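Structure, as structure tokens:
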Amino acid sequence: MSPPSRGRAFLHGLRVAAPIAVGYVPVAITFGILGRAAGIAAGPVTAMSLIVFAGAAQFMALSLIASGTGAGQIMLAVFLLNLRHLLFGANLSRRLPRLSRPMSALLAFGLTDEVFSVASTEPPAGPGQQLDPYFVMGVEAGAWFAWSAGTVIGYAGGAFLSQQLAVAFATGLYALFASIAVWQV
């Protein structure tokens, strides 16, 4: 694949990621606010969004950290919660051309429920009717940036909220899941 077509596929992925980003930003802001409210420094909260990039797992980890749960237990819980991504990855890999290990690892890192959903519904555009990996990378990059930026905004904005109001933001996550469920029905 030539660099110009890679760039076009990546930009198309970024455009397709816009609705994901719109949904991620308010939830990530909530995560940042709750991280501050739990008394965790900005660095670890931001690093969790940059490195873990798994919203439900991050909220669970935050709750476990706040309750004093040990690191090993938190890592095991996060691992178990994210096992579903193995199924997502196996399914998506059938639609992608053979990839190098670094590219596979990069795409595995950015795979979220929403990215999987969008990538699964994208019509194939490559040779042999395969999905373009640069398109998937663009979707993942847009989602990752929105999640990470939202976390930083939330953490910074949390300084201006009372503790009670910051904790009340946790209900926003339940509202998000409820709206997704209603939309699916």
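The values are calculated or read from the model by the stated rules, or taken from the named source; none is laboratory data. Bear in mind that the values here come from a model prediction, so they are computed numbers and not experimental data. When we count neighbours, we look across all protein chains shown, and the Cβ atoms used for this are built from the backbone with ideal geometry, even at glycine. Areas reflect the complete protein model, heavy atoms only, side chains present, ligands, DNA and RNA absent. Shrake-Rupley method; radii C 1.70, N 1.55, O 1.52, S 1.80 Å.
Please compute the contact order of region 33-172 in relative form: average sequence separation of alpha-carbon pairs under 8 Å and at least six residues apart, divided by the residue count, as a percent. RCO, region 33-172: 38 percent. Ligands, DNA and RNA are left out, and with a 1.4 angstrom probe the accessible area of region 60-130 is 64 Å² per residue. For region 1-149, the dipole from Cβ point charges (+1 on Lys and Arg, -1 on Asp and Glu) about the Cα centre works out to 280 debye, to the nearest 20. The portion of the accessible surface of region 50-112 made up by carbon and sulfur, rounded to a whole percent, is 70 (1.4 Å probe; DNA, RNA and ligands excluded).
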